[in-house]
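The values are calculated or read from the model by the stated rules, or taken from the named source; none is laboratory data. The shown structure was predicted, so the numbers you read here are calculated from the model rather than taken from an experiment. Please note: Cβ atoms are built from the backbone with ideal geometry, for glycine as well, and neighbour counts cover all protein chains shown. All accessible areas refer to the heavy atoms of the entire protein, side chains included, with ligands and DNA or RNA removed. Shrake-Rupley method; radii C 1.70, N 1.55, O 1.52, S 1.80 Å.
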Amino acid sequence: RAGMHLIRAEVAADYSTRGRGLMFRKSLAPNGGMLFIFDGAEIHCMWMKNTFVPLSVAFMDEQGTIVSIHDMQPQNETSHCAAKPARFALEMNQGWFAKKGIKAGARIGGVDKAPPPR
């Protein structure tokens with residue numbers, strides 16, 4: 001069982017903030033990240049256009065259970081897509097999930113309490 005880790009995530013819950021994501025940032029705090037809240041559970045994809053920090057993204061279902069984790073390279077337009085329908089995506093510094101022993105099937109607590117998109 002993975003331990004407790006406090007994540008300080010900014011929330012991207014509408015089209016424009018999701019579209020901008022973490023673009024143009026030069027760094028991310030050690031436990032900093034961005035939680036993307038999608039309008040519905042679908043096969044969502046992320047890319048790294050104009051993103052300078054190497055990231056890992058965990059796609060999660062409605063309950064916050066990770067369906068897949070992908071490492072993404074800076075300034076790359078390759079699409080990284082959820083393995084199953086996802087309602088949330090959490091971007092963290094690349095390798096953050098691996099270093100914490102967090103894998104697909106683990107649950108990220110609290111994401112299901114995030115406010116719904118307006």
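Averaging the sequence gap over all C-alpha pairs within less than 8 Å and six or more residues apart, then dividing by the number of residues, gives the chain a relative contact order of 29 percent.
Hey, got a sec? Which chymotrypsin sites (Phe, Trp or Tyr not before Pro) in region 9-118 land in a DSSP loop and have at most 10 other Cβ atoms within 10 Å? Passing both the DSSP loop test and the Cβ count: 24. Residues in region 1-115 average 55 Å² of solvent-accessible surface per residue, probe 1.4 Å, ligands and nucleic acids excluded.
Our coupling estimate for region 24-35, obtained by passing each phi through the Karplus curve with A = 6.51, B = -1.76, C = 1.60 and θ = phi - 60°, is 6, 6, 9, 7, 9, 4, x, 10, x, x, 9, 9 Hz, Gly and Pro reported as x. Sorting 99, 84 by accessible area puts them as 99, 84; the probe is 1.4 Å, largest comes first, and only protein heavy atoms count.
Our coupling estimate for region 79-85, obtained by passing each phi through the Karplus curve with A = 6.51, B = -1.76, C = 1.60 and θ = phi - 60°, is 7, 10, 10, 4, 6, 9, x Hz, Gly and Pro reported as x. Atom-type composition of the exposed protein surface of the chain places 52 percent of the accessible area on carbon and sulfur (1.4 angstrom probe). Applying 1/(1 + (r/R0)^6) with R0 = 22 Å to the Cβ-Cβ distance of residue 79 and residue 20 gives a FRET efficiency near 0.80. Highest average first, the peptides 107-113, 26-32 ordered by how many other beta carbon atoms sit within 10 Å of their residues are 107-113, 26-32.
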